[in-house]
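Undergrad: Here's a structure for you.
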Amino acid sequence: MTHAGSLPERYGRWALVAGASSGLGAATAMAAGARGFDVVLLARRPDRLEESAARVREAHGVQTSCIRADLADPDIERIVAEGVAGLDLGVLIYNAAAEPEGRFLDIPLEEHRENIAVNCWTPTVLCHRFGREMVERGRGAIVLVSSMAALQGIKMYASYGAAKAYELILGEGLWDELRDHGVDAMSYVVGATATENYQGASGAEAYGEAPSLRQQRILSPSTPTEVAERIFERLDGGPRQYSHDLDEAIALESGSLPRIDVVQAMGAVTSGLKRFQKVG
Ligand SMILES: NC(=O)c1ccc[n+]([C@@H]2O[C@H](COP(=O)([O-])OP(=O)(O)OC[C@H]3O[C@@H](n4cnc5c(N)ncnc54)[C@H](OP(=O)(O)O)[C@@H]3O)[C@@H](O)[C@H]2O)c1
């Protein structure tokens, strides 16, 4: 169903969420359905994908379609284009991420390659493909989900942060190139969000008695629903949006600090994460 004066009417009837079987992507598919979008959900795990789609249908009475695909697949443009053929695709939300973690030199090169494929190349391919179609139609919206990790070097996630920076800057550039064509683009900088893989800090004591703003954020993550809702509240809000006011405050504060301090502050966050307790 298309709601009068609704986002589907403005942008197009279907929203594609890449990386929609769990976490923020599943919540984003739900938030899209809540606004009356029919939703295409894409991910690798077929059972989780179908469960996620069923929840959207049951909650909001919209149509769903699933594309089972690996976003690192070199044939991804054809796969996705076939999956959405004939649909009025109004919104593309690129949410999936590969996340190699550990010291850069210890991670096999193949994982770094996959990081570039999923976090850089495929968003480029899909923005190119569907951005052209949106410009032809004179309407549409593109969201690239980035991360606070994109704002500075980050130890233990060095190539992930670098790849998320690519998405961040690509989305901002697209905002300026497409806005005169009726197409909204934005980069969405996501901070700590309690998805199922989120492990957070090793404990409240991980950051001592006076945690920095960044550390406070890790200790109080957003819910996936809060972060997903904000995507749609800010679809036409400008080139860069943040998932939480505290994330924006951290980013602004960082802009005036020496890079040594900024990179080390992020490293201090990483060191307190459950999975790296022993690494330091
Ligand atoms: N959670 C946080 O604290 C946080 C913080 C900053 C930024 N972010 C960003 O938020 C986004 C979502 O994160 P999340 O925490 O929700 O992650 P998540 O729970 O791991 O979910 C990732 C989603 O992407 C899909 N996916 C991953 N690799 C894929 C591939 N190669 N092909 C197809 N689908 C793939 C996964 O599905 P399958 O496994 O079924 O394929 C899943 O649906 C990411 O862009 C991440 O960088 C999250």
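Undergrad: Along the Cα→Cβ direction, 7 angstrom out, place labels at D180 and A249. What is the inter-label distance in nm?
TA: In this crude label model, D180 to A249 measures out at 3.9 nm.
Undergrad: Sort segment 197-269 into rounded, prolate or oblate with this rule: let a ≥ b ≥ c be the square roots of the eigenvalues of the Cα gyration tensor; rounded if a/c is under 1.5, and if a/c is not under 1.5, prolate when a/b is larger than b/c, oblate otherwise.
TA: Here segment 197-269 falls in the oblate category.
Undergrad: Enter the angle in degrees (range 0 to 90, nearest 10) between the Cα long axis of helix 224-233 and the first principal axis of the Cα atoms of the chain, meaning the one along which they spread out most.
TA: Compared with the principal axis, the helix lies near 60 degrees.
Undergrad: Roughly what would the spin-label model give for S220 and L105, points 7 Å off Cα along C-beta, in nm?
TA: 4.0 nm
Undergrad: Would you mind pulling out the separation of the Cα centroids of segment 128-169 and segment 180-238, in Å?
TA: 16 Å
Undergrad: State the percentage of accessible surface on segment 61-174 attributable to carbon and sulfur atoms; use a 1.4 Å probe and exclude ligands, DNA and RNA.
TA: Roughly 55 percent of what the probe reaches on segment 61-174 is carbon or sulfur.
Undergrad: Determine the dipole magnitude for the chain: charges of +1 sit on the beta-carbon of Lys and Arg, -1 on that of Asp and Glu, nothing else is charged, the reference point is the Cα centre, and the result goes in debye to the nearest 20.
TA: 200 debye
Undergrad: Continuing with this model, one more query. Return the carbon/sulfur percentage of the accessible area of segment 1-53, one whole number, probe 1.4 Å, all protein chains in place.
TA: With neighbouring chains kept in place, the figure for segment 1-53 is 52 percent.
Undergrad: Counting heavy atoms of the protein chains only and a 1.4 Å probe, report the per residue accessible area for the chain as a whole number of Å².
TA: Here the residues of the chain average 45 Å² of exposed surface.
Undergrad: Now for a different question. Which of the listed residues, G83, G140, A206, is farthest toward the dipole's positive end in the chain, when Lys, Arg count +1 and Asp, Glu count -1 at the beta-carbon?
TA: Of the listed residues, the answer is A206.
Undergrad: Rounded, prolate or oblate: which fits the chain, taking a ≥ b ≥ c as square roots of the Cα gyration tensor eigenvalues, rounded meaning a/c under 1.5, else prolate when a/b beats b/c?
TA: prolate
Undergrad: Calculate the dipole size of segment 73-232 relative to its Cα centre from +1 charges on Lys and Arg beta carbons and -1 charges on Asp and Glu beta carbons; express the result in debye to the nearest 20.
TA: In debye, rounded to 20, segment 73-232 gives about 320.
Undergrad: Classify segment 42-94 as rounded, prolate or oblate from the Cα gyration tensor: take a ≥ b ≥ c as the square roots of its eigenvalues, call it rounded if a/c is under 1.5, otherwise prolate when a/b beats b/c and oblate if not.
TA: Here segment 42-94 falls in the oblate category.
The values are calculated or read from the model by the stated rules, or taken from the named source; none is laboratory data. The structure displayed is predicted, hence computed values, not measured ones. Backbone-built Cβ (ideal geometry, glycine too); neighbour counts: all protein chains shown. Please note that ligands, DNA and RNA were not included when accessible areas were found on the heavy atoms of the full protein model with its side chains. Shrake-Rupley method; radii C 1.70, N 1.55, O 1.52, S 1.80 Å.
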